[in-house]
């Protein structure tokens, strides 16, 4: 059994839903103190737009109390969410540079990556994903809002971006770390996006196979247009440790989660 298969067997399973890919329950992950993240409370995934009646019914069955939309205003206007009855909705863009909300949807990423040969080379040199990820994990009002919702037990909670991979992936990564899941397990959950979007990633790499042969870095950059790169998430976590020395200190300094409040989160969301 592969590492991915083991992760899916124990946790990280996709919720089968017509027209919605990469929709997952964060429940099932084991924590360092032997507990398990509770099921049916924390959901991650893509935009809930243009849903069939079948898909709407599946989302309704989750009995969501809160949706947190991590997209830019432009993304949200172009593809508005389906919002179930009795469910609250709030949008906080997780990707903001110098006060400007950035569209990090797959289409925007592809347009940026393949704008010109020179732009492709520039992004390779600047490690595009690593830079954007590192920016997102610090002083991010969207992630502050996320932990406020968790503390106030606004659950079941569905947090998402467009594809449920970059902004959503980092949000899930931070939640799992805060709940006491190991860094490796949290990164495994982050990387599962590539399993659920495998066909799209393969198609992108086949379309740009000459560029993929250019270097491993080029192949990973193209992969990031439809999936994620674990290395970029690892760099973001290392940036956190470089600045704060520990994840506990990070959660305190960035979100005000001291030892008591972190423990309360773990009591609420693990068993």
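The values are calculated or read from the model by the stated rules, or taken from the named source; none is laboratory data. Quantities reported herein were computed from a predicted structural model and do not represent experimental measurements. Note: ideal-geometry Cβ built from the backbone for every residue, glycine included; neighbour counts use all protein chains shown.
Figures for the structure shown
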read-out	value
Per-region count, the stretch 182-212, residues more than 19 Å from residue 14 (Cα to Cα), surrounded by 14 or more Cβ atoms within 10 Å (Cβ to Cβ) and under 17 Å from the mean Cα position of the chain (by Cα)	2
Residue tally, condition touching a strand residue (DSSP E or B) at 6+ places or on another chain (Cβ under 6 Å) and surrounded by fewer than 18 Cβ atoms within 10 Å (Cβ to Cβ), over the stretch 32-43	3
Close pairs from the stretch 54-73: first at positive phi and crowded, with 18+ Cβ neighbours inside 10 Å, partner at pLDDT below 95 and not in a loop (DSSP other than H, G, I, E, B), Cβ under 7 Å, at least 6 apart	none
Meets criteria (surrounded by fewer than 15 Cβ atoms within 10 Å (Cβ to Cβ) and either at pLDDT 95 or above or in contact with a helix residue (DSSP H, G or I) (Cβ under 7 Å, 6 or more places away or on another chain) (or both)) for residue 46	no
Spans of strands (runs of 3 or more DSSP E) in the stretch 20-99 with at least 3 residues within 16 Å of the chain's Cα centre (by Cα)	42-45, 66-69
Conditions (1) out of contact with any strand residue (DSSP E or B) (no Cβ under 7 Å at 6 or more places or on another chain); (2) at pLDDT 95 or above; (3) on the phi > 0 side of the Ramachandran plot: number failed by residue 180	(1)
Where residue 132 falls short, out of the listed (1) at pLDDT 95 or above; (2) under 21 Å from residue 176 (Cβ atoms)	(1)
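Every residue, every condition in (1) closer than 20 Å to residue 162 by Cα; (2) surrounded by fewer than 17 Cβ atoms within 10 Å (Cβ to Cβ); (3) out of contact with any strand residue (DSSP E or B) (no Cβ under 7 Å at 6 or more places or on another chain); (4) at pLDDT below 95, yes or no:
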{"position": "87", "(1), (2), (3), (4)": "yes, no, no, no"}
{"position": "98", "(1), (2), (3), (4)": "no, yes, yes, yes"}
{"position": "113", "(1), (2), (3), (4)": "yes, no, yes, yes"}
{"position": "119", "(1), (2), (3), (4)": "no, yes, yes, yes"}
{"position": "126", "(1), (2), (3), (4)": "no, yes, yes, yes"}
{"position": "141", "(1), (2), (3), (4)": "yes, yes, yes, no"}
{"position": "145", "(1), (2), (3), (4)": "yes, no, no, no"}
